[in-house]
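Heads up, the thing below is written out as structure tokens.
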Amino acid sequence: MAPTGPLRVALTGGIATGKSYCLDRFAAAGAATIDADVLARQAVAPGTVGFAAVRSRFGAAIVTPEGQLDREALGRIVFSDPDARRALEAIIHPAVYAAIGRWLEGLNGTTRVAIAGIPLLYETGRERDFDVVVVTICQPQQQIARLIARTGLSPEDAARRVEAQLPAAEKARLADHVIDTSGSFDETNAQVAAVWKDLASRF
């Protein structure tokens, strides 16, 4: 039986495995999309309840002289201290999932497929909120190299951030679809197109 509302799809995967690229490709194909990374930044923007909570928990050292969140300083803290990371996640994740819920409820009746990019889907135990889960993966050495190129982190810090997440192989095992971004853009695009064909065919 075809779904009565939009097909609810979560796109997840390890850091620097190509989630944002694939999310953009799905949007170009016709999916309604939302990005949890963007929502997470909004949740702790200056003037928000989240920002106040983060400052209260981690202190003034994670705020720049301009009053912005110093993400680099905060990252150094939370990726070296699991308790600190969990405290930050307890502030951010409820706000992110509430925003995704409002977005899904607000979609019009013509939306066929709604895809939420959620990096920590499995880590937060929210995979059952969705009809389908798509996971992006790549070779571990590529993941580290991409993260270093994107952020300027040291190899040790990059590895620490990768290791803070559920292993890619475990995410792939749990997924309905896996997109391997280790190859060329054309190869990734072909996989996205194949997944999109399956998602769209459910209507």
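The values are calculated or read from the model by the stated rules, or taken from the named source; none is laboratory data. These numbers were taken from a predicted model, which means no experiment stands behind them. Glycine gets a Cβ as well: all are built from the backbone with ideal geometry, and neighbour counts include every protein chain shown.
Candidates are the residues of the range 8-44 that are at negative phi, of a type in the set (Gly, Ala, Ser) and part of a strand (DSSP E or B); the one that is nearest to the chain's Cα centre (by Cα) is 10. No other residue among 157, 83 is charged (D, E, K, R), modelled with pLDDT under 95 and either out of contact with any Ser or Thr (no Cβ under 6 Å at 6 or more places or on another chain) or not in a helix (DSSP H, G or I) (or both) apart from 157.
Here residue 122 does not fit the description of being in a helix (DSSP H, G or I) and of a type in the set (Ser, Thr, Tyr). Is at least one residue of the range 148-161 over 20 Å from residue 28 (Cβ atoms), in contact with a helix residue (DSSP H, G or I) (Cβ under 8 Å, 6 or more places away or on another chain) and crowded, with 21+ Cβ neighbours inside 10 Å? Scanning the range 148-161, I find at least one residue that is over 20 Å from residue 28 (Cβ atoms), in contact with a helix residue (DSSP H, G or I) (Cβ under 8 Å, 6 or more places away or on another chain) and crowded, with 21+ Cβ neighbours inside 10 Å, so the answer is yes. Exactly one residue among 74, 69, 88 is in contact with a strand residue (DSSP E or B) (Cβ under 9 Å, 6 or more places away or on another chain) and modelled with pLDDT of 95 or more, and that residue is 69.
Here residue 4 meets the list (1) surrounded by fewer than 21 Cβ atoms within 10 Å (Cβ to Cβ); (2) more than 15 Å from the chain's Cα centre (by Cα); (3) more than 24 Å from residue 179 (Cβ to Cβ); (4) at pLDDT 95 or above almost entirely, failing just condition (4).
If you go through the range 133-160 and keep only what is within 17 Å of residue 118 (Cβ to Cβ) and not aliphatic (A, V, I, L, M), you end up with just 136. When each of 52, 28 is tested for being surrounded by fewer than 18 Cβ atoms within 10 Å (Cβ to Cβ), under 21 Å from residue 94 (Cβ atoms) and out of contact with any strand residue (DSSP E or B) (no Cβ under 8 Å at 6 or more places or on another chain), the lone residue that passes is 52.
From the list 69, 88, 74, the lone residue that is under 21 Å from the mean Cα position of the chain (by Cα) and free of Cβ contacts under 8 Å to residues at least 24 places away in the same chain is 74. Criterion applied to 117, 125 was being surrounded by fewer than 17 Cβ atoms within 10 Å (Cβ to Cβ), modelled with pLDDT of 95 or more and within 15 Å of the chain's Cα centre (by Cα), and the one residue passing it is 125.
Which ones in the range 1-30 are aliphatic (A, V, I, L, M), out of contact with any helix residue (DSSP H, G or I) (no Cβ under 7 Å at 6 or more places or on another chain) and farther than 18 Å from residue 99 by Cα? Passing the criteria: 1, 2, 27, 28. Applying a threshold of 8 Å to beta carbon distances and a minimum spacing of six or more residues, or different chains, the list of pairs starting in the range 182-203 at a residue that is in contact (Cβ under 8 Å) with a residue 40 or more places away in the chain and closer than 27 Å to residue 142 by Cα and ending at one that is among the charged types (D, E, K, R) and outside any helix (DSSP H, G or I) reads 188/180.
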